[in-house]
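A short write-up of the structure that comes next.
The values are calculated or read from the model by the stated rules, or taken from the named source; none is laboratory data. The shown structure was predicted, so the numbers you read here are calculated from the model rather than taken from an experiment. Glycine also receives a Cβ, built like all others from the backbone with ideal geometry; neighbour counts cover every protein chain displayed. Areas reflect the complete protein model, heavy atoms only, side chains present, ligands, DNA and RNA absent. Shrake-Rupley method; radii C 1.70, N 1.55, O 1.52, S 1.80 Å.
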Amino acid sequence: MTARRRAPLALAALSTVALASTACGGAGGGGGGGGGGSTDGTADSISVIMVNNPQMEDLQQLTAEHFTEETGIEVQFTVQPENDVRALIAQDFSQQAAQYDVATISNYEVPFFSENSWLAPLSDYAEQDADFAQDDILEPISAGLTGSDGEIYAEPFYGESSFLMYRTDLFEQAGLTMPEQPTWQEVADLAAQIDDPNGTRGICLRGLPGWGQVFAPLTTVVNTFGGTWFDADWNAQVNSPEFVEATQFYVDLVQQHGEAGAAQAGFTECLNAMTQGGTAMWYDATSAAGSLEAEGSPVAGSIGYAPAPVVETESAGWIYSWAWGIQAASEKQDAAWEFISWASSQEYEELVGAEIGWSSVPAGKRASTYENEEYLEVAGAFAEATEAAISSANPNDPGVQPRPAPGIQFVAIPEFADLATTISQDISSNIAGQGTVQESLDRGQEAAQAVADNYK
Amino acid sequence: MAATAPSTTAAAADAAPPRQTYRKHSKLNRPNPLWGVAAWAVGLLFATPALWMVLTSLHREVDAATNPPSLLAPLTLDGYRSFFGSSNAWPALINSATASVVSTLLVLALSIPAAYALSIRPVKRWSDVLFFLLSTRFLPIVAAVLPLYLFAVTTGALDQIGLLIALYTAMNLPIAVWMMRSFLAEVPVEMLEAAQLDGAGLIRTLRSVVAPVAMPGIAATALICFIFSWQELLLARSLTGVVAGTAPVFLTSFVTSQGLFLAQVCAAATVVSLPVLIAGFAAQDKLVQGLSLGAVK
């Protein structure tokens, strides 16, 4: 009786084991690395995981005809939205499971991914590949993709900084002028003067919770007010007077002269507000300019671009780039380099210009892009301001004091995403009129110190 | 998105009035027509999100993103074109079909004998066995994901459809045993005894006596297992990558933080829901019988 009772369970266990072992067999045949792109057993196929942004969609479209045809290397793409892709990449790379040979990472991940030896160093490849022209990569971009050992660990696909966009027509009507290098106080004054509470508001600033939402512009404000997340000895500075002053300034400005529903407004909402005439100024990513100046945009041609507003520092713009990294455990690093050196090349930008249109070019990474007549014809309005913003950023020294880890609008440690997202929820509530900034940052200080203690 | 699948089938089941054979047993002589109206209202309520999804899938991206929504916007098949235009669509659907069908067959092959041993010829302490089976569902799957992932990495089972089949089988087995047990318990003991008296062996009894009575139950169990496997996202998302990704994983890849995607996702979700809907309609007769059999208990 006992035996009969257990039989089904035993069977279940057996079939599980049997299936698992056939699965092992399959992977072994594929040549190690846990399956993935290795299933067909040749080095002529690599797998790439990337974030689902329009530039990546274009790349997917162009790869078969313009890369695989020339090199014989097949590329299998896995595409996911930003948060999911970060989770999947961190999972695969931390285990060195090598399901993916190449991944889109950013200057946020490179410092700690490289520290953990999850990435293959690329300096040798870049040196030996004269066509690639590593020198052409804008310095602040490549600095963000270089590890603390001086090795290059990722090559940029496109890059951005932040700047202040404003409506030149509205400024003219109101008789206002934007200073060449505005300070935050000047911006606040301009916002107050041009603000029409029933129509076009003074300025749009992100208020949506998230380390990549409200805290991207806000951290640049904190930097230039003289604040920092951590000092060089990993003491949290989140409720320091400078941090509080900067945050209070930001919250006041957006409450008094910012967009309606600011606590729920992120990049997309501000882009809509700017496009539809809902705001006179917007401080955000340089990559937004392409959409504002696109064909059919009602505000095309009437936008001016000023550098990120400052207080104590000389520049305040952030640096962000989506870049290609190769997993250290990948057995197809040569083929992977072939792919990323193509995707990050000037040649690829020209290909996109010819096949899809110059406004879709993954720009913001190479000096040569800003000398290209065809690109300037489309992007003339903002190309110079973009290049200037990127070139003036210094990811290793963005504030008034030395920092323990690189990053301008973030601190490049894995804990930062969670930490800043948690605090951002309180800041967002402050913007919505609940609680005080001091309370939010006092709570944030405790959380930040707990994180910093891991590094002491 | 996958969550809409069960509501569609629920709606289908709701919308189809129970068969006459079933109604005969009812003690009510004439059902109040108000109940019919209420049933239709509830059915419609369940169906609305799915219908809205289908409508949105036929809109252009710009119309799909407007607020308030535009009901009468022009229709287009662009969403479906972009779904089937993607080179990953068919592999994902085939992976899902493989994982769901194979695991469902395995579950049936294992759960029917188990249920037989727990109801028709109950083994000693059969209720303990049932409880043990139930207890395997106590652990939230999310708590098992990390160990499973590490296991998969070290054994090389990562991104293999076989791993998903094994996990889906294990995941659905307890439910299937419970369901099958309650269906087999419906088989009257007298019928079995009569068959024995007539000299029928075990196989003959199973085929000619048990099977006809249990068929609706088997169909219902199979469909439920199929649905659960078809729409499973958490395990598939964590344990597959380039090769073995299933349809729900592929669905999420249409979401982007830059640009519009609602119509595309709705088109993809509609396509992914169809197999379950078709299976539901095909098994409708058996299903209504089977599910209400279980419910009466």
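The table for this structure:
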read-out: Filtered residue count, the stretch B:117-133, keeping only those that are touching a helix residue (DSSP H, G or I) at 6+ places or on another chain (Cβ under 6 Å) and open to solvent by 40 Å² or more (accessible area, probe 1.4 Å); value: 1
read-out: Number of the exception - residue B:181 against (1) closer than 30 Å to residue B:92 by Cα; (2) more than 9 Å from chain A (Cβ to nearest Cβ); (3) surrounded by 23 or more Cβ atoms within 10 Å (Cβ to Cβ); (4) of a type outside the set (S, T, N, Q); value: (1)
read-out: Test: residue in the stretch B:67-78 that is among the hydroxyl-bearing types (Ser, Thr, Tyr), in contact with a helix residue (DSSP H, G or I) (Cβ under 7 Å, 6 or more places away or on another chain) and surrounded by fewer than 17 Cβ atoms within 10 Å (Cβ to Cβ); value: yes
read-out: Cβ pairs under 8 Å, 6+ apart, first in the stretch B:83-102 and within 14 Å of chain A (Cβ to nearest Cβ) and of a type in the set (Phe, Trp, Tyr), second open to solvent by less than 30 Å² (accessible area, probe 1.4 Å) and assigned to a helix (DSSP H, G or I); value: B:83/B:89; B:83/B:267; B:83/B:268; B:83/B:271
read-out: Among (1) touching a helix residue (DSSP H, G or I) at 6+ places or on another chain (Cβ under 6 Å); (2) at pLDDT below 95; (3) open to solvent by less than 10 Å² (accessible area, probe 1.4 Å) - the single one residue A:85 does not satisfy; value: (1)
read-out: Any chance residue A:408 is of a type in the set (Val, Ile, Thr), open to solvent by less than 60 Å² (accessible area, probe 1.4 Å) and either in a helix (DSSP H, G or I) or free of Cβ contacts under 8 Å to residues at least 24 places away in the same chain (or both); value: no
read-out: Candidates A:260, A:294, A:273, A:289 - the one that is among the aliphatic types (A, V, I, L, M), free of Cβ contacts under 8 Å to residues at least 60 places away in the same chain and either open to solvent by less than 30 Å² (accessible area, probe 1.4 Å) or part of a loop (DSSP other than H, G, I, E, B) (or both); value: A:260
read-out: Qualifying residue in the stretch A:217-230 (condition: more than 22 Å from residue A:404 (Cα to Cα), open to solvent by 10 Å² or more (accessible area, probe 1.4 Å), in contact (Cβ under 8 Å) with a residue 60 or more places away in the chain and of a type in the set (A, V, I, L, M, F, W, C)); value: no
read-out: Qualifying residue in the stretch A:170-185 (condition: open to solvent by less than 20 Å² (accessible area, probe 1.4 Å), assigned to a helix (DSSP H, G or I) and within 30 Å of residue A:439 (Cα to Cα)); value: yes
read-out: Residues of the stretch A:72-89 satisfying the condition of being more than 7 Å from chain B (Cβ to nearest Cβ) and either within 15 Å of residue A:52 (Cβ to Cβ) or in contact (Cβ under 8 Å) with a residue 60 or more places away in the chain (or both); value: A:73, A:75, A:77, A:83, A:85, A:86, A:87, A:88, A:89
read-out: Qualifying residue in the stretch B:44-66 (condition: over 23 Å from residue B:251 (Cβ atoms) and at pLDDT 90 or above); value: yes
read-out: Tally of residues being part of a loop (DSSP other than H, G, I, E, B) and open to solvent by 30 Å² or more (accessible area, probe 1.4 Å) across the stretch A:377-401; value: 5
read-out: Meets criteria (open to solvent by 20 Å² or more (accessible area, probe 1.4 Å), in contact with a Leu (Cβ under 9 Å, 6 or more places away or on another chain) and within 11 Å of another protein chain (Cβ to nearest Cβ)) for residue A:95; value: yes
read-out: Residues (of a type in the set (Val, Ile, Thr) and in a strand (DSSP E or B)) located in the stretch A:276-286; value: A:279
read-out: 3 or more residues away from chain A (no Cβ under 14 Å) and more than 30 Å from residue B:154 (Cα to Cα): qualifying helices (runs of 4 or more DSSP H) within the stretch B:227-292; value: B:262-282
read-out: For residue B:117: the one exception among (1) farther than 30 Å from residue A:62 by Cα; (2) in contact (Cβ under 8 Å) with a residue 24 or more places away in the chain; (3) within 12 Å of another protein chain (Cβ to nearest Cβ); value: (2)
read-out: Filtered residues of the stretch A:226-251 (kept if within 23 Å of the chain's Cα centre (by Cα) and either more than 18 Å from residue A:421 (Cβ to Cβ) or assigned to a loop (DSSP other than H, G, I, E, B) (or both)); value: A:227, A:228, A:229, A:238, A:246
read-out: Among residues of the stretch A:427-443, those that are open to solvent by less than 50 Å² (accessible area, probe 1.4 Å) and over 14 Å from residue A:209 (Cα atoms), counted; value: 2
read-out: Among the candidates A:135, A:131, residue that is over 21 Å from the mean Cα position of the chain (by Cα), of a type outside the set (Ser, Thr, Tyr) and either within 23 Å of residue A:46 (Cα to Cα) or part of a loop (DSSP other than H, G, I, E, B) (or both); value: A:131
read-out: Flag if residue A:101 is touching a residue at least 40 places away in the same chain (Cβ under 8 Å), within 22 Å of residue A:44 (Cα to Cα) and surrounded by fewer than 19 Cβ atoms within 10 Å (Cβ to Cβ); value: no
read-out: Evaluation of residue A:125 against (1) within 21 Å of the chain's Cα centre (by Cα); (2) under 12 Å from residue A:326 (Cα atoms); (3) surrounded by fewer than 22 Cβ atoms within 10 Å (Cβ to Cβ) (one fails), failing number; value: (1)
read-out: The listed residue being closer than 29 Å to residue A:89 by Cα, in a helix (DSSP H, G or I) and modelled with pLDDT of 90 or more, out of B:175, B:165, B:112; value: B:165
read-out: Selection within the stretch B:134-153 - assigned to a helix (DSSP H, G or I), surrounded by 13 or more Cβ atoms within 10 Å (Cβ to Cβ) and either more than 9 Å from chain A (Cβ to nearest Cβ) or at pLDDT below 90 (or both); value: B:134, B:141, B:144, B:145, B:148
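Quick grid of which residues meet (1) open to solvent by less than 30 Å² (accessible area, probe 1.4 Å); (2) assigned by TED's automatic domain parsing to the domain that holds residue B:101:
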residue	(1), (2)
B:193	no, yes
B:212	no, yes
B:215	no, yes
B:218	no, yes
B:221	yes, yes
B:229	yes, yes
B:232	yes, yes
B:257	no, no
B:265	yes, no
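For every residue, the table says whether it meets (1) open to solvent by 10 Å² or more (accessible area, probe 1.4 Å); (2) more than 24 Å from the chain's Cα centre (by Cα); (3) outside the structural domain of residue A:295 (by TED's automatic domain parsing).
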{"position": "A:328", "(1), (2), (3)": "yes, no, yes"}
{"position": "A:332", "(1), (2), (3)": "yes, yes, yes"}
{"position": "A:344", "(1), (2), (3)": "no, no, yes"}
{"position": "A:349", "(1), (2), (3)": "no, no, yes"}
{"position": "A:364", "(1), (2), (3)": "no, no, yes"}
{"position": "A:371", "(1), (2), (3)": "yes, yes, yes"}
{"position": "A:374", "(1), (2), (3)": "yes, yes, yes"}
